[in-house]
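Note sheet for the following structure.
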Amino acid sequence: DAGITQSPRHKVTETGTPVTLRCHQTENHRYMYWYRQDPGHGLRLIHYSYGVKDTDKGEVSDGYSVSRSKTEDFLLTLESATSSQTSVYFCAISGNLPGNTIYFGEGSWLTVV
Amino acid sequence: GQQVMQIPQYQHVQEGEDFTTYCNSSTTLSNIQWYKQRPGGHPVFLIQLVKSGEVKKQKRLTFQFGEAKKNSSLHITATQTTDVGTYFCAGYTGTASKLTFGTGTRLQVTL
């Protein structure tokens, strides 16, 4: 498996609180992604990064922000968590060229109550 | 935006039966990738197809990329219980850096 670590792996939080999920990679890959997975919706892209301080929105970016200050770390922040953001969040990485294979982390289970 | 649909959403087979999932994109894809996710796990890369009409095999799995590069299929011959999981197709368009995933097909195999 690719060297991807997500933290925390499980979290329960209250509505309205901020939450930050961290993704750390040891592969020195250029691209990093945050996906969420919900029943019936498959994997949906939230944000992605193509380099340090270079990020762009995916298809479900509302309510989320990201930051990438170092190649190895990509943070996903829920500014004010809502129950609709209860989901499994996957970080993923891919190599230095568009079109490369994506490698996923093990996921972070987030419950907003 | 680009949409990638898969059918069926769910299939239940008995061990030894064949299984096929179909993937259809609303736009032409530069390549298509297939991933497998075991229950409780994360998606794992299986294969990538690039050329129009390409066919690749991995043991009991056969992958096809359509001539128009807008559809693909995964066929499993003689399923086993180890094939249980959700299969996703995913595609890039042009030079896009974003991989769009299909909705997935969940396969259940019983003895």
Where only C-alpha atoms are counted, convex hull volume of chain B per residue in Å³: 90 Å³
Relative contact order %, segment B:1-83, counting alpha carbon pairs below 8 Å whose residues are six or more apart: 33 percent
Segment A:1-101: GluC sites (Glu not before Pro) falling in loop per DSSP and having at most 16 other Cβ within 10 Å: A:Glu14, A:Glu27, A:Glu59, A:Glu79
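Determine the dipole magnitude for the protein assembly as shown: charges of +1 sit on the beta-carbon of Lys and Arg, -1 on that of Asp and Glu, nothing else is charged, the reference point is the Cα centre, and the result goes in debye to the nearest 20. Don't skip to the end; give the middle numbers.
On the way: 21 positive and 18 negative charges, 70 e Å.
I would put it at about 340 debye.
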Rounded percent of accessible protein surface that carbon and sulfur make up, the protein assembly as shown, 1.4 Å probe: 49 percent
Inter-part distance where segment B:72-111 and segment B:1-69 are each reduced to a Cα centre, Å: 4 Å
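Which trypsin sites (Lys or Arg not before Pro) from segment B:25-111 combine a DSSP loop assignment with at most 15 other Cβ atoms within 10 Å? Mind dumping the intermediate values first?
Details: sites: B:Lys36, B:Lys51, B:Lys56, B:Lys57, B:Lys59, B:Arg60, B:Lys69, B:Lys70, B:Lys98, B:Arg106; in loops: B:Lys51, B:Lys59, B:Arg60, B:Lys69, B:Lys70, B:Lys98.
When the trypsin sites (Lys or Arg not before Pro) of segment B:25-111 are filtered for loop state and at most 15 Cβ neighbours within 10 Å, B:Lys51, B:Lys59, B:Arg60 remain.
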Farthest positive-ward along the protein assembly as shown dipole, Cα basis, beta-carbon charges - from B:Phe63, B:Leu99, A:Cys91: B:Phe63
A/B buried area, accessible surface, summed, 1.4 Å probe, Å²: 1600 Å²
Residues in segment B:27-62 that, when all protein chains are in place, have 30 Å² or more less accessible area than the chain alone would give (probe 1.4 Å): B:Tyr35, B:Gln37, B:His42, B:Pro43, B:Phe45
Relative contact order, percent, chain A [alpha-carbon distance under 8 Å, six or more residues apart]: 35 percent
Probe 1.4 Å, protein heavy atoms only - accessible area per residue of the protein assembly as shown in square angstrom: 47 Å²
Total charge dipole magnitude, chain B, about the Cα centre, Cβ charges on Lys, Arg, Asp, Glu only, Debye to nearest 20: 320 debye
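The values are calculated or read from the model by the stated rules, or taken from the named source; none is laboratory data. As the structure is a prediction and not an experimental result, all values here were calculated from the model. Note that we place each Cβ from the backbone using ideal geometry, even for glycine, and neighbour counts take in every protein chain shown. To get the accessible areas, we keep the full protein, side chains included, count just its heavy atoms, and leave off ligands, DNA and RNA. Shrake-Rupley method; radii C 1.70, N 1.55, O 1.52, S 1.80 Å.
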